[in-house]
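Undergrad: The structure is given below, and queries will be raised subsequently.
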Amino acid sequence: TSDWVWEVDAEGRYTYASPKVEELLGYQPGELIGRTPFDLMPPGEAERVAAAFAAIVAERRRFSHLENVNVRKDGTRVVLETSGLPMLGPAGELLGYRGVDRDVTERKEAEERIADALEMTRTVIDASPIGIMTLRADGTALTVNRAIGRVGGGESAELVGRRMFETESWVRFGIADLARAALAEGAEKETERQVVSVFGRPVWLSLKFVPFLHGGQPHLLGLFDDVTERKQAEAELQMHRLHLEELVRD
C-alpha cells in the first residue's frame with residue numbers, strides 16, 4: 001500500500017508500523033514501537049491532536065481524514081492525513097486502534113498557495129477604482145468590491161444576495177437588459193449610460209458585462225466605471241469647439 005499502516009494500544013503507543021513509515025517520516029518501523037503519534041509532532045500540534053484523539057477514544061469511534069503536522073527524523077515537517085478504527089476485545093474493551101496515514105503535504109501546500117493567490121486577488125479587486133461585481137445567471141449578486149458603493153452611491157455589502165436584474169435602477173436604465181444580452185449571446189457587452197445615483201445625482205457610467213462559466217454554470221462579471229468627469233470634460237471641449245467655430249464664421 002502507498003499508505004503507512006499502523007496499530008496502537010489503548011494508551012496510544014505504537015505496537016506496529018509498516019515499512020512505509022520510513023519513506024514518510026524517515027524512521028525504521030522498530031524505532032516507533034512504544035512511542036505515541038504525539039511524540040512525532042511539534043508541541044502545539046501534539047496538544048491539539050491529542051485532545052481530538054482523546055475525544056475519539058472516549059466514544060470508541062472510528063475517524064477519518066484527521067490532518068496533523070509531523071516532524072520527520074531529519075527535522076523537516078510533513079502533513080499527514082490519519083484515519084483509524086477501534087480494535088475491541090471479546091468483552092467490548094478497547095484494545096487500541098488500527099489505521100493508516102497518508103502524506104498530504106503537497107496538497108496542503110497547493111491549497112495554501114491557492115488561498116494566498118485568492119487573497120491577493122481579493123485585495124487587488126477591492127482596491128480597484130472600478131466597480132466589480134459577479135452575478136449568477138438569474139442576476140443574484142455574488143461578490144462586489146468597495147468601488148461599487150462609490151460608483152452607485154450605496155453600500156457594497158447590501159448588494160450581495162440581491163437580484164440585481166429586478167432592482168428599479170437596473171431596469172430603469174437598461175442595465176439589466178445589457179446584462180441579459182451578454183448572457184444570452186455569450187459575448188461581452190459594453191456601453192456608456194447616464195444614470196441617477198441613489199442620492200439623485202446624475203452620473204455617467206461605463207458598463208461592461210463579461211459572461212463566464214463557474215462550476216459549469218453561466219455567470220457574469222460586471223464592470224462599472226464612473227466616467228462623469230470625462231463626459232463633462234468632453235462636453236466642455238465640444239462647447240469650446242462650437243464657440244471657436246462661431247468666432248471663425250463671424
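The values are calculated or read from the model by the stated rules, or taken from the named source; none is laboratory data. Keep in mind it's a predicted model, so treat the numbers as computed, not measured. Cβ placement follows ideal geometry from the backbone for every residue including glycine, while neighbour counts extend to all protein chains displayed. Areas reflect the complete protein model, heavy atoms only, side chains present, ligands, DNA and RNA absent. Shrake-Rupley method; radii C 1.70, N 1.55, O 1.52, S 1.80 Å.
Undergrad: Apply the Kirkwood formula to segment 148-244: the hydrodynamic radius equals the inverse of the mean of 1/r over all pairs of different alpha-carbon atoms; give it in Å with one decimal.
TA: Working: mean 1/r = 0.0672 Å⁻¹.
Hydrodynamic radius (Kirkwood, Cα pairs) of segment 148-244 is 14.9 Å.
Undergrad: While we're here: Would you list which lysines come within 16 Å of Lys73, measuring only between C-alpha atoms, while excluding same-chain residues fewer than 8 positions from it?
TA: Lys20
Undergrad: Over all alpha-carbon pairs of segment 54-103, lay out the pair-distance distribution in 10 Å bins, whole %, shortest bin first.
TA: 24, 42, 25, 9, 1
Undergrad: Ok, one more. In Å², and per residue, what accessible area does segment 211-250 have when probed at 1.4 Å with the other protein chains present?
TA: 80
Undergrad: At 222 nm, what helix-only mean residue ellipticity would the chain give, in deg cm²/dmol to the nearest 500, using -39500 (n - 2.57) for each DSSP H run of four or more?
TA: Dividing the helical sum by the residues of the chain leaves -12000 deg cm²/dmol.
Undergrad: Quote the relative contact order of the chain in percent (integer), defining contacts as alpha-carbon pairs under 8 Å separated by 6+ residues. Spell out each step's value before the answer.
TA: On the way: 423 pairs, mean separation 29.0, N = 250.
That works out to 12 percent.
Undergrad: Something else: Against the empirical 2.2 N^0.38 Å scaling, what ratio does the C-alpha Rg of segment 95-183 come to?
TA: Ratio of Cα Rg to 2.2 N^0.38 Å: 1.68.
Undergrad: While we're here: Average the reciprocal distances over every distinct pair of alpha-carbons in the chain, invert the result, and give the Kirkwood radius in Å.
TA: In the chain this quantity evaluates to 23.6 Å.
Undergrad: Still on this structure, please answer the following. With a 1.4 Å probe and all protein chains left in place, how much accessible area per residue does segment 1-44 have, in Å²?
TA: Value for segment 1-44: 48 Å² per residue.
Undergrad: For segment 96-227, calculate the relative contact order in percent as a whole number, restricting contacts to Cα pairs under 8 Å that are 6 or more residues apart.
TA: Across segment 96-227, relative contact order equals 21 percent.
Undergrad: OK, next. Would you kindly calculate the mean projected area, averaged across all directions, of the convex hull enclosing the Cα atoms of segment 12-91, in square nanometres?
TA: 5.6
Undergrad: Under 8 Å for C-alpha pairs, at least 6 residues apart: give me the relative contact order for segment 183-250, rounded to a whole percent.
TA: 24
Undergrad: How about Lys208: which lysines have a C-alpha closer than 28 Å to its C-alpha, ignoring those fewer than 8 places off in the same chain?
TA: Cross-link targets: Lys189, Lys231.
Undergrad: Considering only protein heavy atoms and a 1.4 Å probe, what is the carbon-and-sulfur percentage of the accessible area of segment 103-250?
TA: Carbon with sulfur: 55 percent of the solvent-accessible area.
Undergrad: While we're looking at this one, here's another question. What residue among Leu221, Leu32, Tyr16 has its Cα farthest toward the positive end of the dipole of the chain, where the charges are +1 on Lys, Arg and -1 on Asp, Glu, each on the Cβ?
TA: Final value for the positive-end residue is Leu221.
Undergrad: Tell me, rounded to the nearest percent, the portion of alpha carbon pairs in segment 1-42 spaced more than 14 Å apart.
TA: Summing the P(r) tail past 14 Å for segment 1-42 gives 41 percent.
Undergrad: Would you kindly compute the Cα radius of gyration of segment 1-138 and its largest Cα-Cα separation (Dmax), both in Å?
TA: Values for segment 1-138 (Cα only, Rg and Dmax): 20.1, 70 Å.
Undergrad: Here's another thing I want to ask about it. Alpha carbon centre of segment 85-118 versus segment 221-235: separation in Å?
TA: 55
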